[in-house]
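Asker: Structure below; questions to follow.
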């Protein structure tokens with residue numbers, strides 16, 4: 001059973017999630033290119049995954065059989081487990097909690113070799129719809145405080161299977177990074193009665209030097225104090241705390257914006273491994289006036305070393321202005337949502 | 001010129017440190033095994049590095065010539081630069097500061113292929129002495145608030161040269177990770193009037209399940225909420241805020257303790273890449289009652305992926321008790337300081 005443990009000094013929770021039967025020194029091997037015949041995410045191998053909890057498929061096809069376009073299943077090797085109660089305990093200085101949560105995999109396409117940057121806008125839209133659907137379902141579980149949706153693409157970014165997929169993890173506490181964002185944003189709101197992200201987006205659009213692409217409802221830019229080279233954010237122009245409250249038209253525009261950003265990053269950096277993460281308000285603050293949801297895309301180009309782990313400081317070798325200027329100039333095949 | 005930029009939401013400073021003349025999309029190639037003939041850290045190639053700022057060498061040898069045992073030079077490609085003033089400026093929401101600091105390299109041995117785990121205790125002791133010496137010298141510079149000493153060993157841990165070396169970076173602000181530790185530790189002190197690290201060390205020794213080795217002045221253990229598998233700390237039993245205030249006898253004991261830990265990790269994990277970091281009180285709080293210096297060793301076994309970057313949560317697949325038990329049982333050739 002996984003366990004959550006709290007660092008007594010910095011207060012950060014860590015998931016201790018041993019895989020059963022593993023020796024403590026066995027670590028995952030680098031992912032191999034799997035023959036689609038044996039890929040658990042390919043059509044025809046549906047029985048290799050837990051049963052589907054959401055699926056976008058024609059009504060004429062059967063659950064857990066081929067014919068689907070997007071398919072969501074529980075992770076076979078979950079970091080947190082859905083069964084159980086939120087028991088907390090302490091021992092001297094230390095606090096722990098049962099590792100309750102949800103860990104799901106969104107299989108984004110039936111095509112083993114397709115890359116999200118090449119999806120059509122409506123294919124990306126269907127992936128977002130799957131995110132929203134699973135989010136709303138899990139949001140009803142009162143044990144959860146936060147649901148993080150993210151994608152690891154490429155081995156260096158932590159992906160263990162090459163078939164395009166993203167993940168969702170629901171946690172019984174608000175993660176420290178999100179808590180830091182909420183604290184900073186609410187402090188600003190107390191002072192100014194404005195959303196700091198709204199102000200940042202306005203300043204970025206007015207300045208223009210870090211903007212990659214402007215879309216109807218979204219803007220893509222490299223953040224001023226980005227910790228990673230070519231870090232790229234996509235944020236809605238209008239204030240909205242929660243990704244789940246993006247309507248259909250905006251969600252289709254977001255699909256175009258994400259495709260545009262992924263194509264530019266691929267072109268600029270020769271198909272880098274990357275992570276993207278949806279930063280959204282926690283479950284209890286869906287209509288927050290001070291938090292503003294957005295997507296953060298982090299290409300995996302540098303190694304995190306002793307200085308970063310020891311200090312929390314990151315060294316970014318590419319000024320965000322240079323990264324944005326470089327990406328702006330690229331010709332990409334995407335038709336942006338404004339076209 | 002490098003620049004420090006502050007994230008307007010979470011308040012974290014980032015170092016934007018472009019290398020001159022590089023295209024924005026050029027990233028460092030993986031380090032190659034360098035023929036010692038061309039290694040800038042090998043004796044005989046001293047002119048390939050900036051001049052030495054500290055050296056342990058017989059009085060009969062000349063500066064910047066062979067004959068040294070430990071040699072410290074400025075980093076040729078510094079993340080922060082020593083020249084200049086701490087100018088701060090803002091633009092709308094954004095804050096920045098000139099990238100002032102120091103970045104030095106401690107060349108630990110003249111032997112191109114030697115591994116710190118195989119150094120003699122007195123060789124490691126001389127490396128620590130070099131750390132202390134450079135620390136005291138840089139501590140006089142009033143522009144600096146913190147000095148971080150760390151080692152990246154192996155490509156996966158971010159090392160770009162294989163010749164054994166560690167690094168020191170002096171920063172004009174207290175890094176966020178250290179600030180978090182100080183906040184947590186001082187909150188505990190306010191409540192209990194005790195150092196939280198002292199209490200933790202007492203609890204670890206009494207419990208024993210996470211202890212790897214007990215030495216005269218130090219204890220080596222896997223922390224309760226370690227974020228990384230086989231994360232291992234070495235902490236002084238007695239309260240001391242600052243690494244610089246470790247006397248000669250204790251420093252020799254520390255050399256034995258570090259060698260013992262590095263040998264156990266190498267044996268357990270088949271020579272892993274690793275980082276170690278000296279966590280010490282900031283310059284202004286050298287005699288802090290609530291901070292307790294220690295070394296954190298992080299073997300590089302897992303990849304940091306979207307979930308970790310997005311949430312600040314880490315998933316550790318090896319319970320610290322299992323890692324400690326495994327390392328305790330190993331036979332290592334080190335003669336511990338208590339022997």
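The values are calculated or read from the model by the stated rules, or taken from the named source; none is laboratory data. Since the structure is predicted, the reported quantities are computational estimates derived from the model, not experimental observations. Using ideal geometry, Cβ is built from the backbone for each residue, glycine included, and neighbour counts are taken over all protein chains shown.
Asker: Determine whether residue B:176 is at pLDDT below 95 and either within 28 Å of residue B:321 (Cα to Cα) or within 10 Å of another protein chain (Cβ to nearest Cβ) (or both).
Answerer: Spelling it out, residue B:176 is indeed at pLDDT below 95 and either within 28 Å of residue B:321 (Cα to Cα) or within 10 Å of another protein chain (Cβ to nearest Cβ) (or both).
Asker: Can you work out which of the residues in the range A:317-331 that are surrounded by fewer than 24 Cβ atoms within 10 Å (Cβ to Cβ) and facing another protein chain (nearest Cβ under 7 Å) is farthest from residue B:295 (Cα to Cα)?
Answerer: Only one residue fits best here, namely A:326.
Asker: For the structure I just gave you, tell me whether residue B:257 is in contact (Cβ under 8 Å) with a residue 40 or more places away in the chain, more than 11 Å from every other protein chain (Cβ to nearest Cβ) and in a loop (DSSP other than H, G, I, E, B).
Answerer: So residue B:257 does not fit the description; no.
Asker: Condition test on residue A:215, is it in contact (Cβ under 8 Å) with a residue 60 or more places away in the chain, within 30 Å of residue A:34 (Cα to Cα), more than 9 Å from every other protein chain (Cβ to nearest Cβ) and surrounded by fewer than 23 Cβ atoms within 10 Å (Cβ to Cβ)? I'd like the intermediate steps shown before the answer.
Answerer: Details: in contact (Cβ under 8 Å) with a residue 60 or more places away in the chain: yes; within 30 Å of residue A:34 (Cα to Cα): no; more than 9 Å from every other protein chain (Cβ to nearest Cβ): yes; surrounded by fewer than 23 Cβ atoms within 10 Å (Cβ to Cβ): yes.
No.
Asker: What is the number of the single condition among (1) more than 7 Å from every other protein chain (Cβ to nearest Cβ); (2) surrounded by fewer than 21 Cβ atoms within 10 Å (Cβ to Cβ); (3) in contact (Cβ under 8 Å) with a residue 12 or more places away in the chain that residue B:270 does not meet?
Answerer: Just one mismatch for residue B:270, condition (3).
Asker: Being without any contact (Cβ under 8 Å) to a residue 60 or more places away in the chain and not in a helix (DSSP H, G or I) narrows it down to one residue among A:287, A:291; which is it?
Answerer: Testing whether each residue is without any contact (Cβ under 8 Å) to a residue 60 or more places away in the chain and not in a helix (DSSP H, G or I) leaves just A:287.
Asker: Could you tell me which numbered condition residue A:156 fails, if it satisfies all but one of (1) at pLDDT 95 or above; (2) within 11 Å of chain B (Cβ to nearest Cβ)?
Answerer: With (1) at pLDDT 95 or above; (2) within 11 Å of chain B (Cβ to nearest Cβ) applied to residue A:156, the lone miss is (1).
Asker: Here is a follow-up. Hey, does the range B:178-192 have a residue that's surrounded by fewer than 19 Cβ atoms within 10 Å (Cβ to Cβ), touching a residue at least 60 places away in the same chain (Cβ under 8 Å) and not in a helix (DSSP H, G or I)?
Answerer: No, that holds for no residue.
Asker: Right, next: Determine the pairs where a residue that is within 29 Å of residue B:301 (Cβ to Cβ), located within the range A:30-51, has a partner that is modelled with pLDDT of 85 or more and in a helix (DSSP H, G or I) with Cβ atoms under 7 Å apart, the partner being 6 or more residues away or on another chain.
Answerer: A:30/A:155; A:31/A:155; A:40/A:48
Asker: Please specify each residue of the range A:194-220 satisfying the condition of being in a loop (DSSP other than H, G, I, E, B) and within 24 Å of the chain's Cα centre (by Cα).
Answerer: Correct list: A:195, A:210, A:215, A:216, A:217.
Asker: Next up: Looking at A:251, A:262, which one is more than 9 Å from chain B (Cβ to nearest Cβ), in contact with a helix residue (DSSP H, G or I) (Cβ under 7 Å, 6 or more places away or on another chain), farther than 28 Å from residue A:318 by Cα and in a helix (DSSP H, G or I)? Even if it seems obvious, please write down each step before you answer.
Answerer: Numbers: A:262 fails: farther than 28 Å from residue A:318 by Cα.
Criteria check complete, one pass: A:251.
Asker: Within the range B:226-244, can you find the residues that are free of Cβ contacts under 8 Å to residues at least 40 places away in the same chain and either farther than 28 Å from residue B:145 by Cβ or touching a strand residue (DSSP E or B) at 6+ places or on another chain (Cβ under 7 Å) (or both)?
Answerer: Within the range B:226-244, just B:237 meets the criteria.
Each row is one residue, and each column tells you yes or no for (1) within 14 Å of another protein chain (Cβ to nearest Cβ); (2) in a loop (DSSP other than H, G, I, E, B); (3) modelled with pLDDT of 90 or more.
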residue: A:1; (1), (2), (3): yes, yes, no
residue: A:15; (1), (2), (3): yes, no, yes
residue: A:18; (1), (2), (3): yes, yes, no
residue: A:24; (1), (2), (3): yes, yes, no
residue: A:31; (1), (2), (3): yes, yes, no
residue: A:47; (1), (2), (3): no, no, yes
residue: A:53; (1), (2), (3): no, no, yes
residue: A:60; (1), (2), (3): no, yes, yes
residue: A:66; (1), (2), (3): no, yes, yes
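Asker: Could you figure out which of (1) within 19 Å of residue B:116 (Cα to Cα); (2) away from chain A (no Cβ under 11 Å); (3) in a helix (DSSP H, G or I) isn't true of residue B:234?
Answerer: Unmet condition: (3).
Asker: Residues to consider are A:123, A:83; find the one that is closer than 25 Å to residue A:147 by Cα and surrounded by 18 or more Cβ atoms within 10 Å (Cβ to Cβ).
Answerer: A:123
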